[in-house]
1. State which residue is farthest from the chain's Cα centre (by Cα) when the search covers only the stretch 291-306 and only residues that are over 17 Å from Pro67 (Cα atoms) and surrounded by 24 or more Cβ atoms within 10 Å (Cβ to Cβ).
2. Here is a list: Cys283, Cys256. Which entry is in contact with a Pro (Cβ under 8 Å, 6 or more places away or on another chain) and touching a residue at least 24 places away in the same chain (Cβ under 8 Å)?
3. Taking the condition modelled with pLDDT of 95 or more and farther than 22 Å from Gly248 by Cβ, does Lys157 pass?
4. Can you name the residue in the stretch 186-235 that is of a type in the set (Lys, Arg) and more than 30 Å from Ala286 (Cβ to Cβ) and is also modelled with the lowest pLDDT among such residues?
5. Considering only the stretch 348-361, I want to know if a residue exists there that is more than 18 Å from the chain's Cα centre (by Cα), surrounded by fewer than 18 Cβ atoms within 10 Å (Cβ to Cβ) and either closer than 30 Å to Lys221 by Cα or without any contact (Cβ under 8 Å) to a residue 12 or more places away in the chain (or both).
6. Would you point out which residue out of Ser324, Ser304 is among the small types (Gly, Ala, Ser), in a helix (DSSP H, G or I) and farther than 26 Å from Asp271 by Cβ?
7. Looking at Ile141, is it hydrophobic (A, V, I, L, M, F, W, C) and over 17 Å from the mean Cα position of the chain (by Cα)?
Amino acid sequence: MTIDKNSFLTNYTQKKPHLTRRQFIKSTAAGAAAIYMMPSLALSTKTQDNDNKSRVVNIRHAGLINPDERVNSKNARQSVDKALVLLTQKENLKDAWIKIFPNLNSQDTIGLKVNCVNRKCPTHPEIAYAIADSIIESLGINPNNIIIWDRSISELKKCGYTINESDKGIQCFGTVKAFSGMRWMFNQKMDETGAIGYDKTRAIDVGDGVTSHLSNILTQKCTYLINVPVLKDHGKAGITLSLKNHFGSIDNPTDCHDNLCEPFISRINADPQIKEKTRLIICDAAYGVYDGGPLGAPQWQHKSILGATDPVALDFTGMQVINSQRKLNKLDPVTKMATHLVNAQNLGLGTCDPNNIQVIDSALT
């Protein structure tokens, strides 16, 4: 497989006119209303052979973003807790977390895979730590048994995370110390010195003759996984939500961008290390990017989080939100680009048929 490096650089590093964050963000409630899908938007008529619909919760909170445009930690926690109760249909938060982790023991470690590739619109620390605190307080587990992680330490720091590799408190670190897009672009050797690195003992076939190695954080450290992506479109894959978030879990994401990023996205997520460990998806939809993602400043305040146990259903639902914003701004939907949703469905990773998805919308103040 060959990569058109010049085209890739043009698509992902082309400079745009500078706008301040405040000028760029346009608040609207239309995206939240559009979360309910029409059957005509379905990517496929094939569904999983069961009687239960995949549940996706959309928790909108009017106070999720402060006047200074930072995420409100208290309201983020309230949103996370509400999402868990509605998603699991349990009466209290403890029972909700027990349903997510029914066999959790004191030796298990829960990894939260965040997304910090775009420091202007990342998984906000306030939401990631709200998830961690909710687990700790509800289940009484050791905070050190939770790892917030992404591909690099430098990106986590730039997005406001506090790096902690000690044996006290919530852990937070990256697979490598720093990530250079240019270095990965031209297949130069990565410097994994002083970092946990990638699992070179096990290569996974991600299609088209490409093999990848997963982060040692995922393969060696995490018993379970919570996927914490961001609401963004993507110039090649249409959307970058929970499924594509795992491009930050492999050592060669640049090799996986041909052909609308397929079969790479679906094949990566079908690997047992991801498929079997993933128990929950909480999408940070405080802000969103509907055009020009995955980079660039946020373009509207969605003021919500999305929750699901089915990554395909969550990504399909998030795509409708993005499509709604694109329609408001006279842009075409990204549905045809997101071929990985159908492929992921066909691999048994979830459903992208709206007839098999139940969306529960809740508003908090």
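1. Going through the qualifying residues, I end up with Gly293.
2. On the way: Cys256 fails: in contact with a Pro (Cβ under 8 Å, 6 or more places away or on another chain).
So the residue among Cys283, Cys256 that is in contact with a Pro (Cβ under 8 Å, 6 or more places away or on another chain) and touching a residue at least 24 places away in the same chain (Cβ under 8 Å) is Cys283.
3. No.
4. The extreme case among them is Lys189.
5. yes
6. Ser324
7. Against the criterion (hydrophobic (A, V, I, L, M, F, W, C) and over 17 Å from the mean Cα position of the chain (by Cα)), Ile141 qualifies.
The values are calculated or read from the model by the stated rules, or taken from the named source; none is laboratory data. Everything quoted here is computed from the prediction, not taken from an experiment. So basically every Cβ, Gly included, is an ideal-geometry build from the backbone, and we count neighbours across all protein chains shown.
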